[in-house]
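Structure, as structure tokens:
The values are calculated or read from the model by the stated rules, or taken from the named source; none is laboratory data. Computed from a predicted structure; not experimentally measured. Cβ placement follows ideal geometry from the backbone for every residue including glycine, while neighbour counts extend to all protein chains displayed. These area figures cover heavy atoms from the full protein model, side chains too; ligands, DNA and RNA do not enter into them. Shrake-Rupley method; radii C 1.70, N 1.55, O 1.52, S 1.80 Å.
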Amino acid sequence: MLFPYEHYETLAEPLTVYYPAGEEARARWAYQTIEKAGQALTQLLGQPMPELEIVLVAPADWSLAPHDEEADQDEYPHPYWTEATTPPSIVIPAEVDLIFGEMTQEKLAYMLYHELTLAFVEADLRPWPEEYPLWADEWQLKFAALWLSQCLDHVQGVVNKDLHEQYAEIFEPEPDGKTPDTVRGFDWYEDTSPEAYLCYELLLEQFAADLLATYSPDILPRFLSLYRREQATLLSEDVTVMLASVLGPDGAAWLEDRVYF
């Protein structure tokens, strides 16, 4: 079945925003949040705001929400970006799943920032490496999303403080000095559980927070100028060297000092 756009209302805004009856206030907040973040990302990345739509989905329609063919519809509703529509859409559930903890406005905004950053990255016309480790892309999204949260919503440190407390054990180093999972060591498989991936996202969020506490946000566009080139296989060590180079002379040592990295 197709998504029932005809049953949804739209905002009179530059971006098309679909929303169910009675949700105009939430739809307007989502538009304003994405619009303001888009302006900030345009300044940081030197790219125009990508063309997109916003779809706020009622719980009863979640199974019908547009999504990429290769992606199964997530049983844990959360905002995501999809190219299944023209133009692409940021899809927002009216109710985010409890696995993501207490859903504050700051946390929902952080999720929207993450998907908007993905839209910017995908709209960048520069080539991608042919093969690269998972973390090479993922750190970029978390870094930009947290930067926006800190700049626009005045968040101190991480956004998901409740989840960091709930899963505090993932940050406890083992005898080898590193955490059980690390930013560079984690990989996604078909049988990876949502909770395991959530914990990986928390590691990335902490990594972003530590980077932002030490370096300026322009490390992201400088990294992208090295990363978004025509190149074959990039190993994790290659990406580490690339990131360390934009951090400066002590960058490699700083990265190795992160027990979760």
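On the basis of being under 24 Å from A40 (Cα atoms), open to solvent by less than 20 Å² (accessible area, probe 1.4 Å) and assigned to a helix (DSSP H, G or I), does L141 make the cut?
Working: under 24 Å from A40 (Cα atoms): yes; open to solvent by less than 20 Å² (accessible area, probe 1.4 Å): yes; assigned to a helix (DSSP H, G or I): yes.
Criteria met by L141.
Does V155 fit the bill of being touching an Asp or Glu at 6+ places or on another chain (Cβ under 7 Å), modelled with pLDDT of 95 or more, assigned to a loop (DSSP other than H, G, I, E, B) and β-branched (V, I, T)? If you could, list the steps in order and put the result at the bottom.
Details: touching an Asp or Glu at 6+ places or on another chain (Cβ under 7 Å): yes; modelled with pLDDT of 95 or more: yes; assigned to a loop (DSSP other than H, G, I, E, B): yes; β-branched (V, I, T): yes.
Yes; evaluated as a whole, the condition is true for this residue.
A27 - would you say it is within 22 Å of D153 (Cα to Cα) and open to solvent by less than 30 Å² (accessible area, probe 1.4 Å)?
On the way: within 22 Å of D153 (Cα to Cα): yes; open to solvent by less than 30 Å² (accessible area, probe 1.4 Å): yes.
It is true that A27 is within 22 Å of D153 (Cα to Cα) and open to solvent by less than 30 Å² (accessible area, probe 1.4 Å).
Filtering region 233-261 down to residues that are part of a loop (DSSP other than H, G, I, E, B) and among the acidic types (D, E), which residue is nearest to G185 (Cα to Cα)? Break it down stepwise before answering.
Of region 233-261, the ones part of a loop (DSSP other than H, G, I, E, B) are 234-235, 248-250, 257-261.
Adding the requirement that they be among the acidic types (D, E) leaves 250, 257.
On the way: D250: 22, D257: 15 Å.
Looking at the filtered set, the residue picked out is D257.
Quick one: which residue in E83, E69, E51 is in contact with a strand residue (DSSP E or B) (Cβ under 9 Å, 6 or more places away or on another chain), open to solvent by 70 Å² or more (accessible area, probe 1.4 Å) and among the charged types (D, E, K, R)?
E83
When you scan region 148-166, do you find a residue that is loosely packed, with under 15 Cβ neighbours inside 10 Å and among the hydrophobic types (A, V, I, L, M, F, W, C), even just one?
No: zero hits.
Assess whether L45 counts as being closer than 26 Å to P221 by Cβ and out of contact with any Pro (no Cβ under 6 Å at 6 or more places or on another chain).
Numbers: closer than 26 Å to P221 by Cβ: yes; out of contact with any Pro (no Cβ under 6 Å at 6 or more places or on another chain): no.
Answer is no for this residue.
If we scan region 220-230, do we find a residue that is crowded, with 20+ Cβ neighbours inside 10 Å, over 17 Å from E256 (Cβ atoms) and not hydroxyl-bearing (S, T, Y)? Lay out the reasoning, then the answer.
Taking region 220-230 and keeping what is crowded, with 20+ Cβ neighbours inside 10 Å, we get 220, 223, 227.
So of that shortlist, the ones also over 17 Å from E256 (Cβ atoms) come out as 220, 223, 227.
Adding the requirement that they be not hydroxyl-bearing (S, T, Y) leaves 220, 223.
Yes, that holds for at least one residue.
For residues in region 231-252 being without any contact (Cβ under 8 Å) to a residue 40 or more places away in the chain and open to solvent by 40 Å² or more (accessible area, probe 1.4 Å), which is nearest to L41 (Cα to Cα)?
Checked region 231-252; the qualifying residue nearest to L41 (Cα to Cα) is S245.
Give region 173-218 a look and list any residue that's part of a helix (DSSP H, G or I), open to solvent by less than 20 Å² (accessible area, probe 1.4 Å) and under 21 Å from Y132 (Cβ atoms), or say none.
Once the filter is applied, which keeps residues that are part of a helix (DSSP H, G or I), open to solvent by less than 20 Å² (accessible area, probe 1.4 Å) and under 21 Å from Y132 (Cβ atoms), region 173-218 yields Y200, L203, L204, E205, F207, A208, L211.
Here are A123, A94, A109: which of them is of a type outside the set (D, E, K, R), open to solvent by less than 10 Å² (accessible area, probe 1.4 Å) and over 25 Å from D187 (Cβ atoms)? Lay out the reasoning, then the answer.
Values: A123 fails: open to solvent by less than 10 Å² (accessible area, probe 1.4 Å); A94 fails: open to solvent by less than 10 Å² (accessible area, probe 1.4 Å).
Testing whether each residue is of a type outside the set (D, E, K, R), open to solvent by less than 10 Å² (accessible area, probe 1.4 Å) and over 25 Å from D187 (Cβ atoms) leaves just A109.
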